[in-house]
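If you scroll down you'll find the structure; I have some questions about it.
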Amino acid sequence: MTLDHDLPAAATPVPDAITQLIAQWVELFNAGDLAALDLLYEPDAVVVPTPGHAVSEAGRSAALAHLVGFGVPMTARIRQCYTVVNVALLLVDWTMRGTAADGSAVDMSGTATDVVRRGFDGQWRYVIDNPSGS
């Protein structure tokens, strides 16, 4: 038996500005520009580096620095986007594969569940960045 809630919901078209946000995030991450990367987050935004453990401010910066520290490029693709006025829920498939600065192999991937919000200035910024998606 299939119930309505079992059927896939139709995602809304991804606004160009959100596509650009993700592309800019990946570009800054791969460049190791943590200061510019931080500007893509609202001041009180959280990152969830491990399931159940949300961090903000200095903790957010440290979590991002840890990932950037691998020295392995990231790719990301928006799988689904659901928008309501100035808030969007994103499902983003991402990968990091390569050799870390210490010579170890890195093979990480996942589907992030992210929330972004358009500010009064028209810019979309992360409110919740949950790379593990859970």
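Please determine, in degrees from 0 to 90 and to the nearest 10, the orientation of helix 16-31 with respect to the longest principal axis defined by the Cα atoms of the chain, where the helix direction is its Cα long axis.
Helix 16-31 sits at roughly 10 degrees to that axis.
Further, regarding this structure: With springs only between Cα atoms under 10 Å apart, run a GNM on the chain and tell me which of Ala58, Ala17, Ala88 wobbles the most.
Of the options given, Ala58 has the highest mean-square fluctuation.
For the chain, with a Gaussian network of springs between Cα atoms less than 10 Å apart, report the residue from Pro49, Pro13, Pro73 with the top mean-square fluctuation.
Pro13
Name the residue, out of Val116, Val26, Val84, whose mean-square fluctuation peaks in a Gaussian network model built on the chain with Cα pairs under 10 Å.
It is Val84.
Say a paramagnetic label sat at a point 7 Å from the Cα of Asp33, along Cα to Cβ; which residues of the stretch 40-84 have their backbone N under 19 Å from it?
Once the point is set 7 Å along Cα→Cβ of Asp33, 40-43, 61-62, 64-76 turn out to lie under 19 Å by backbone N, inside the stretch 40-84.
Which value in Å does the Kirkwood hydrodynamic radius of the stretch 95-134 take, with 1/r averaged over all unlike C-alpha pairs and then inverted?
Result for the stretch 95-134 stands at 12.3 Å.
Against the longest principal axis of the chain, how steep is helix 58-68, in degrees 0 to 90 to the nearest 10, with axes from Cα atoms?
Helix 58-68 and the main axis of the chain meet at about 70 degrees.
Any idea of the accessible area per residue across the chain, 1.4 Å probe, to the nearest Å²? Mind showing how you got there, number by number?
Details: 7760 Å² over 134 residues.
Value for the chain: 58 Å² per residue.
Report ³J(HN,Hα) in whole Hz for each residue of the stretch 119-134, in order, from the Karplus equation J = 6.51 cos²θ - 1.76 cosθ + 1.60 where θ = phi - 60°; Gly and Pro get x.
x, 4, 7, x, 8, 8, 9, 5, 10, 9, 10, 10, x, 7, x, 10
While we're on this one: Given a 1.4 angstrom probe, I'd like the percentage of the accessible area of the chain that is carbon and sulfur, rounded to a whole number.
58 percent
At 7 Å along the Cα-to-beta-carbon direction for both Ser109 and Glu42, put a label point, then send me their distance in nm to one decimal.
Spacing of the two 7 Å Cα→Cβ label points: 3.2 nm.
The values are calculated or read from the model by the stated rules, or taken from the named source; none is laboratory data. None of the values given here were measured: they were computed from a predicted structure. Every residue, glycine as well, gets a Cβ built from its backbone with ideal geometry; the counts of neighbours run over all protein chains shown. The accessibility values were calculated without ligands, DNA or RNA, using every heavy atom of the protein model including side chains. Shrake-Rupley method; radii C 1.70, N 1.55, O 1.52, S 1.80 Å.
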